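Below you'll find the structure, written out as structure tokens, and then a few comments.
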Amino acid sequence: MGKKKYINESVRNEGEDKLNAYTLYAFLILQEEHSRELESQVEGRVYVLAQKALKETEAESLPEALEHVKKDVLGGAIYKRYSDTPEGAIGTLEKVVYSSSKHFLDTREESFRLAFLPYIEEVLLAGLRSGILLCSWWRLVNYGFSVEPYDDNSDEVALFPYRSLSEMTKKDRDALRELALDYYSELESCGGYYHAIESFRKPDEEGRVDYSFRPYPKDGFTAEEIARQHSYKDEEELPVEELYKSWEYETELYLPFLAYRFDEALYYAMKYPGKEYLDYIKSLNVREDWDENYGETEYSYGKIFGEEA
């Protein structure tokens with residue numbers, strides 16, 4: 001098989017796409033913080049309306065005006081807590097959540113990305129050594145990587161030439177970093193897609209919906225489940241065989257623990273203001289995660305790196 005003849009199309013999330021991805025995460029992770037912010041806004045709205053009522057009605061004191069407004073605002077339709085109209089209330093809610101995600105993007109996302117990329121690269125190294133990330137290897141070749149997954153004399157997948165990142169030439173190392181950046185963006189999208197589906201949760205017997213944050217499942221899904229999740233409403237279901245033709249599905253097919261770790265790390269980065277997310281990322285062990293996923297198979301960590309017979 002010859003070299004893939006295509007140009008790698010960019011999948012890097014930018015602008016509104018990136019903001020939307022992290023806004024969904026912010027909605028799920030920062031619910032307590034958003035509730036406190038909204039409660040503060042309700043208190044402010046009640047006070048402003050009371051001041052207005054004191055001038056425009058027969059209320060004789062601010063406490064009297066406050067009581068009048070509270071009955072209308074807190075005892076009426078839910079939207080009245082935030083605005084005079086349902087549309088305005090939705091705008092208020094969106095503003096609170098978007099401000100959280102924008103703050104994260106402006107102040108922390110870059111440092112989070114730089115901290116998490118080495119873990120992605122180590123996982124990719126194992127995946128490429130195992131031969132399962134064939135589509136990703138072709139993408140790597142198109143980034144300038146020096147070795148193709150097939151040679152001219154064999155249809156068998158070649159052995160990935162490196163056992164560690166430190167062995168790589170600068171050109172090959174740069175190519176791997178580009179692939180890791182693609183995977184990072186794919187994790188943003190993959191997680192966002194999964195959580196968007198998760199957001200349509202069924203209410204319990206009392207009509208309450210649990211919107212607590214649930215990381216991407218460490219064990220992932222079957223190929224059939226992945227295909228269904230990527231099928232659009234009222235359109236034909238994505239054929240399972242199509243999953244194996246694109247590198248973009250290789251995380252979900254082969255590396256679900258990578259998506260899980262991304263979600264966990266992002267939770268710490270969004271939830272806590274300190275260095276908890278850095279401590280979490282530093283604690284990650286690719287070998288342990290890999291073997292937990294593949295166990296005693298031909299793809300065990302020791303076997304793919306030639307440590308076992």
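Going through Arg177, Arg129, Arg163 one at a time, which residue ends up being among the basic types (Lys, Arg), modelled with pLDDT of 90 or more and closer than 30 Å to Tyr22 by Cβ?
On the way: Arg129 fails: closer than 30 Å to Tyr22 by Cβ; Arg163 fails: closer than 30 Å to Tyr22 by Cβ.
Result of the check over Arg177, Arg129, Arg163: Arg177.
Of the residues making up the stretch 226-274, those that are among the aliphatic types (A, V, I, L, M) and over 19 Å from the mean Cα position of the chain (by Cα) are Leu238, Val240, Leu243. Taking the stretch 171-187 as the range and being of a type in the set (Gly, Ala, Ser) and surrounded by fewer than 17 Cβ atoms within 10 Å (Cβ to Cβ) as the test, no residue passes. Checking each residue in the stretch 92-141 for being closer than 19 Å to Gln31 by Cβ, more than 17 Å from the chain's Cα centre (by Cα) and without any contact (Cβ under 8 Å) to a residue 24 or more places away in the chain picks out Glu94, Lys95, Ser99.
Yes or no, residue by residue, for (1) surrounded by 14 or more Cβ atoms within 10 Å (Cβ to Cβ); (2) under 30 Å from Glu276 (Cβ atoms):
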residue: Ser100; (1), (2): yes, yes
residue: Thr107; (1), (2): no, yes
residue: Ala115; (1), (2): yes, yes
residue: Leu125; (1), (2): yes, yes
residue: Gly131; (1), (2): yes, no
residue: Gly144; (1), (2): no, no
residue: Pro149; (1), (2): yes, no
residue: Asp155; (1), (2): no, no
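Report every pair of residues separated by at least 6 positions or lying on different chains whose Cβ atoms are under 7 Å apart, first residue within the stretch 289-309 and touching a residue at least 60 places away in the same chain (Cβ under 8 Å), second surrounded by fewer than 19 Cβ atoms within 10 Å (Cβ to Cβ) and in a helix (DSSP H, G or I). Filtered contacts from the stretch 289-309: Tyr301/Arg287; Tyr301/Asp291. Summed over the stretch 180-209, residues that are among the hydroxyl-bearing types (Ser, Thr, Tyr), in a helix (DSSP H, G or I) and modelled with pLDDT under 80 total 1.
Just give me the residues in the stretch 262-309 being among the basic types (Lys, Arg) and out of contact with any Phe, Trp or Tyr (no Cβ under 7 Å at 6 or more places or on another chain), in sequence order. First the steps, then the outcome.
Restricting attention to the stretch 262-309, the residues satisfying the condition of being among the basic types (Lys, Arg) are 271, 275, 282, 287, 303.
The answer is Lys271, Lys275, Lys282, Lys303.
Return a yes/no flag: does the stretch 20-41 have any residue that is part of a helix (DSSP H, G or I), exposed (fewer than 13 other Cβ atoms within 10 Å of the Cβ) and modelled with pLDDT of 85 or more.
Within the stretch 20-41, none of the residues are part of a helix (DSSP H, G or I), exposed (fewer than 13 other Cβ atoms within 10 Å of the Cβ) and modelled with pLDDT of 85 or more.
On the stretch given as the stretch 217-249, residues that are within 26 Å of Trp290 (Cα to Cα), at pLDDT 90 or above, touching a helix residue (DSSP H, G or I) at 6+ places or on another chain (Cβ under 8 Å) and assigned to a loop (DSSP other than H, G, I, E, B) total 6.
The values are calculated or read from the model by the stated rules, or taken from the named source; none is laboratory data. Keep in mind that what you see is a predicted model, and the values were worked out from it rather than measured. Here Cβ is always computed from backbone atoms with ideal geometry, including for glycine, and neighbour counts include all displayed protein chains.
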